[in-house]
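Accompanying notes for the structure given below.
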Amino acid sequence: MKEIIAIANQKGGVGKTTTAINLAASLAVAEKRVLLIDADPQSNATTGLGFHRNDYEYNIYHVLIGSKKLSQIILKTSIPTLHLAPSNIGLVGIEKEFYDQESDGRELVLKEKIKEVKDQYDYIIIDSPPALGSITINALSAANSVIIPIQCEFFALEGLAQLLNTIKLIKKTINPKLKIKGFLPTMYSTQNNLSKQVFADLKQHFKNKLFKDKDNSSYVVVPRNIKLAESPSFGKPIILYDIKSVGSQAYQNLATSIMAG
Ligand SMILES: Nc1ncnc2c1ncn2[C@@H]1O[C@H](COP(=O)(O)OP(=O)(O)O)[C@@H](O)[C@H]1O
Ligand SMILES: [Mg+2]
């Protein structure tokens with residue numbers, strides 16, 4: 001096991017799921033053994049990989065409440081080294097279940113469950129919901145590092161301070177090893193001055209937390225790319241849908257940067 005990476009940002013629609021699916025798939029195509037955990041009740045990572053409600057009986061909810069083991073819900077995907085722990089809308093119930101639990105340690109449930117399968121993977125990628133609730137806290141507590149997708153649009157950095165504070169708090173209390181792996185600019189559009197501004201702001205504040213491409217000459221930036229938006233409707237990661245697209249290239253570069261350490 002090399003790393004457990006959470007993809008987090010409490011804002012919706014910033015590219016978390018797109019990043020989770022395509023980073024996981026790009027690592028898997030590079031022959032890494034990857035488990036993608038869909039920890040969002042909206043289940044977009046599950047449907048984006050081509051699974052529908054009737055394709056699986058149990059999901060991550062059953063694991064978190066303790067009625068199934070993680071190994072019992074894992075699905076194989078069309079990339080042999082990519083496995084998926086699916087989600088389902090029923091996962092919304094977990095917030096209440098956790099809330100009702102008196103005991104300490106409810107932040108660490110996912111981490112505990114992952115232990116069973118950890119040794120079978122090189123990377124575990126956790127897609128999280130658009131909220132700083134128990135599920136995201138569990139994801140950040142289970143992870144070694146976090147990738148924060150930043151949509152290159154208006155209000156991009158709004159809410160970031162709150163997320164960074166949450167990460168700091170988790171580091172201080174339950175998960176001292178948690179690192180910010182990096183900020184990933186997403187939906188970057190060359191025609192949009194705002195995109196350039198957001199990217200400039202990111203460079204100014206978090207220069208050494210941006211991913212670099214393999215020859216270290218430029219930053220990894222995910223462009224706005226229609227192929228990335230289309231591929232989930234075909235149930236495929238971009239690398240199987242259009243490997244040459246700029247969107248696919250960006251996620252392959254991200255994977256290369258992560259494999260380089
Ligand atoms: N780089 C991109 N180019 C074009 N569309 C994108 C890109 N990244 C994400 N999208 C689309 O934007 C929407 C939100 O992205 P998603 O990854 O689901 O965000 P989140 O998981 O943060 O809510 C989706 O419809 C997705 O297909
Ligand atoms: Mg999502």
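Each row is one residue, and each column tells you yes or no for (1) closer than 19 Å to I147 by Cβ; (2) in contact with a Cys (Cβ under 9 Å, 6 or more places away or on another chain); (3) not aromatic (F, W, Y).
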residue	(1), (2), (3)
I174	no, no, yes
F183	yes, no, no
T186	yes, yes, yes
E230	no, no, yes
L240	no, no, yes
Q249	yes, no, yes
- Task: Take the residues in the stretch 122-154 that are β-branched (V, I, T) and more than 16 Å from ligand 2 (Cβ to nearest atom), then tell me which one is surrounded by the fewest Cβ atoms within 10 Å (Cβ to Cβ).
- Result: I137
- Query: Looking at L157, L194, L184, which is the one that is part of a helix (DSSP H, G or I) and either among the aliphatic types (A, V, I, L, M) or open to solvent by less than 70 Å² (accessible area, probe 1.4 Å) (or both)?
  - Reply: L194
- Given the conditions (1) open to solvent by 50 Å² or more (accessible area, probe 1.4 Å); (2) within 14 Å of ligand 2 (Cβ to nearest atom), report the number of the one that K111 does not fulfil. (2)
- Task: Take K118 and decide whether it is of a type outside the set (A, V, I, L, M) and touching a helix residue (DSSP H, G or I) at 6+ places or on another chain (Cβ under 9 Å).
- Result: no
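Need a quick list: helices (runs of 4 or more DSSP H) entirely within the stretch 207-261 having at least 3 residues that are in contact with an Asp or Glu (Cβ under 6 Å, 6 or more places away or on another chain) and free of Cβ contacts under 8 Å to residues at least 12 places away in the same chain.
Those helices (runs of 4 or more DSSP H) do not exist here; none qualify.
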- Task: State yes or no: is Q204 open to solvent by 70 Å² or more (accessible area, probe 1.4 Å), part of a helix (DSSP H, G or I) and on the phi < 0 side of the Ramachandran plot?
- Result: yes
- Message: Name the residue that is farthest from I94 (Cα to Cα), counting only residues in the stretch 28-59 that are over 13 Å from the mean Cα position of the chain (by Cα) and among the hydrophobic types (A, V, I, L, M, F, W, C).
- Response: A30
- Note on the structure: Across the stretch 107-133, the tally of residues that are farther than 14 Å from V63 by Cα, assigned to a loop (DSSP other than H, G, I, E, B) and of a type in the set (A, V, I, L, M) stands at 2
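The values are calculated or read from the model by the stated rules, or taken from the named source; none is laboratory data. Keep in mind the model is a prediction, meaning the values are calculated, not measured. Don't worry about glycine lacking a Cβ; one is built from the backbone with ideal geometry, like all the others, and counts go over all protein chains shown. For the accessible areas, the whole protein counts, side chains as well, though only heavy atoms, and no ligand, DNA or RNA atoms are used. Shrake-Rupley method; radii C 1.70, N 1.55, O 1.52, S 1.80 Å.
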